[in-house]
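Enquirer: Sharing a structure here in structure tokens format.
The values are calculated or read from the model by the stated rules, or taken from the named source; none is laboratory data. If you're wondering where the values come from, they're calculated on a predicted model, not measured in any experiment. Here the Cβ positions follow ideal geometry from the backbone for every residue, glycine too, while neighbour counts run over all protein chains shown.
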Amino acid sequence: MKIEPNDIDIVGEVSFRLPARAFRLDIALREPDRVSLALEYALKLLDVLDLAKPSEIGDFLGFSPSETDSLVMELIDSELAAATPGGRSRSLTLEGRLSMKKILS
């Protein structure tokens with residue numbers, strides 16, 4: 001697959017000087033209408049379990065508590081998941097289920 005310059009949305013730029021002969025950059029590109037890999041795995045987990053506590057999502061993904069909080073907030077802010085009554089667990093919303101269908105197709 002060839003990526004054309006017009007197909008790329010610049011998310012951020014970094015410039016730096018390195019006193020080294022070589023260095024390595026790891027980057028990831030994704031299609032603009034797809035969710036991030038972390039969100040995708042969280043959605044898959046919620047799809048299988050129906051309900052999960054934020055700590056269970058973080059433990060499954062190997063995330064720190066702050067990373068887990070950010071991921072759960074992103075799930076809720078994007079309306080892919082919602083807190084259950086009582087607020088202890090999270091479950092997929094209709095939008096989350098539709099996103100899962102896109103991911104799996």
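Enquirer: How many residues are without any contact (Cβ under 8 Å) to a residue 24 or more places away in the chain, closer than 14 Å to LEU39 by Cα and surrounded by fewer than 16 Cβ atoms within 10 Å (Cβ to Cβ) if we restrict to the range 83-100?
Expert: Residues of the range 83-100 that are without any contact (Cβ under 8 Å) to a residue 24 or more places away in the chain, as a first pass: 83, 85-87, 93-95, 98.
Next, only the ones that are closer than 14 Å to LEU39 by Cα stay: 93, 95, 98.
Next, from what is left, pick out any that are surrounded by fewer than 16 Cβ atoms within 10 Å (Cβ to Cβ): 95, 98.
Qualifying residue count for the region: 2.
Enquirer: Within the range 67-105, track down each residue that is under 14 Å from the mean Cα position of the chain (by Cα) and either part of a loop (DSSP other than H, G, I, E, B) or not hydrophobic (A, V, I, L, M, F, W, C) (or both).
Expert: Hits for the range 67-105 are GLU67, THR68, ASP69, SER70, GLU74, ASP77, SER78, GLU79, LEU80, GLY96, SER99.
Enquirer: Let me ask another. Which of the residues spanning the range 65-82 are surrounded by 14 or more Cβ atoms within 10 Å (Cβ to Cβ) and over 13 Å from LEU39 (Cα atoms)?
Expert: Within the range 65-82, ALA82 is the sole residue that qualifies.
Enquirer: Filter the range 33-64 down to the residues that are surrounded by 12 or more Cβ atoms within 10 Å (Cβ to Cβ), charged (D, E, K, R) and assigned to a loop (DSSP other than H, G, I, E, B) and list them by number.
Expert: Selection gives ARG34, LYS53.
Enquirer: Return only the number of the condition from (1) modelled with pLDDT of 85 or more; (2) over 14 Å from the mean Cα position of the chain (by Cα); (3) among the hydrophobic types (A, V, I, L, M, F, W, C) that ALA42 does not satisfy.
Expert: Checking ALA42 against (1) modelled with pLDDT of 85 or more; (2) over 14 Å from the mean Cα position of the chain (by Cα); (3) among the hydrophobic types (A, V, I, L, M, F, W, C), the one that fails is (2).
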